[in-house]
Every structure is written in structure tokens, then in C-alpha cells.
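Report on the following structure.
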Amino acid sequence: MNISRIEPGPGQESVWDYPRPPRIDDSTKHVQIIFNGMVIADTHSSRRVLETSHPPFYYIPPSDIQMTNLLKTSRTSWCEWKGQAGYYAINVGNKQVPDAAWFYPNPIPAFESIKDYVAFYPGLMDACYVDGELVQPQLGDFYGGWITKDIVGPFKGGPGTWGW
């Protein structure tokens with residue numbers, strides 16, 4: 001399979017330089033998540049999970065989330081690197097979306113620093129911002145990466161990319 005890596009410009013990162021297994025980086029960038037007109041998350045203390053071919057996933061500490069608007073669901077999934085994930089539905093006013101965010105209640109030791117932190121699918125929110133920039137969601141309905149102007153691909157998730 002021939003994948004044409006996009007060469008990053010000044011101040012950019014290529015997802016093809018991210019490691020496998022993934023790495024966690026602390027981030028002080030201003031991350032905001034809007035759902036049904038409400039700011040449900042606002043932080044300068046997120047953690048980015050960086051994995052080859054994926055835009056970053058931002059994990060937000062529960063203390064910076066309106067947790068009363070998140071309801072645990074019965075869905076679970078398994079990540080070979082992080083362990084078993086749980087999911088939250090988001091409910092604000094008259095609008096609810098199931099399984100819109102995920103978390104790791106008991107991650108494997110290498111990912112302990114994201115225990116109970118919450119990652120949101122940006123495509124299911126009204127808007128997600130990183131330092132004021134509107135995030136573009138990673139394609140597909142499985143991954144939840146956040147694409148900003150400082151990240152280049154190509155990105156896994158769209159049609160024809162599952163074998164990467």
C-alpha cells in the first residue's frame with residue numbers, strides 16, 4: 001500500500017511522525033467543546049494521545065467538564081493500547097446524543113495519566129475549538145481525532161484507509 005505522506009510546514013506536525021504504540025502529551029492549548037449552545041468543556045489542561053496516521057485525540061479532565069450533562073451508557077470498546085473504554089451520552093436541554101464521548105476507567109499502566117479523562121467525538125458536537133480554531137472531525141464514525149491547521153496527514157478513517 002502506497003501512502004503519500006504530506007510534508008509538514010513550519011509549526012505543523014505530521015501524523016506519520018506520531019508513534020505506535022501511541023504517546024500521551026500534556027497540552028496547555030485552550031480546548032472548548034460546545035453542545036446545544038452550551039460550553040460543556042473548557043480546559044487548558046488536556047492530554048493529547050498521538051498515534052500514527054491519526055489526528056490527535058484530546059482527553060479532558062472531568063473537573064473541566066460539565067459532568068452533570070454526561071450520562072454513562074452501556075457501550076464499551078477495547079483498545080489494544082489503552083484497554084477497555086466506557087462511553088457517555090451528552091444531554092443538554094432537549095438535545096441528546098448517545099455514545100458521544102469515551103473514557104478509560106482502568107487503563108493499562110502506560111496510559112494511567114488519562115484515567116477517567118474524557119474524549120469527545122468532534123463530529124457529534126456543535127463545535128470543538130483548539131486555541132480558538134474550529135476543529136475538523138476525523139472522517140469515519142469510529143475514530144474521534146481532531147484536525148487543526150497544525151496537523152497534516154493523510155489521516156486514517158476515511159474510505160479505503162482501514163488497512164493502514
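Taking the Cα centre of the chain as origin, sum charge times position over the Cβ atoms of Lys and Arg (+1) and Asp and Glu (-1), and report the length of that vector in debye to the nearest 20.
With Lys and Arg at +1 and Asp and Glu at -1, about 340 debye.
Using DSSP to define loop residues, name the GluC sites (Glu not before Pro) in the range 1-94 whose beta-carbon has at most 12 other beta-carbon atoms within 10 Å.
Hits after loop and neighbour filter: 80.
Non-local amide H neighbours of residue 30 (under 5 Å, H modeled in plane, Pro and chain starts lacking H): which ones?
Placed amide hydrogens put 131 under 5 Å from residue 30.
Assuming R0 = 22 Å, what is the FRET efficiency of residue 75 and residue 108, from their Cβ-Cβ distance, to the nearest 0.05?
Here the calculated transfer efficiency is 0.65.
Within a 10 angstrom radius of the beta carbon, how do 79, 128 rank from fewest other beta carbons to most?
Ascending Cβ contact count within 10 Å gives the list 79, 128.
Suppose we flag trypsin sites (Lys or Arg not before Pro) only when DSSP calls them loop and at most 13 other Cβ atoms lie within 10 Å. Which is the longest uninterrupted stretch of the chain?
Here the longest segment lacking exposed loop sites spans 6-148.
Once you sort the root eigenvalues of the Cα gyration tensor of the range 11-164 as a ≥ b ≥ c, which label holds: rounded (a/c under 1.5), prolate (a/b larger than b/c) or oblate (the other case)?
rounded
All of the numbers you see were taken from the coordinates with simple rules; none came from a lab. If you're wondering where the values come from, they're calculated on a predicted model, not measured in any experiment. Reconstructed Cβ throughout: ideal geometry from the backbone, glycine too, with neighbour counts over all protein chains shown.
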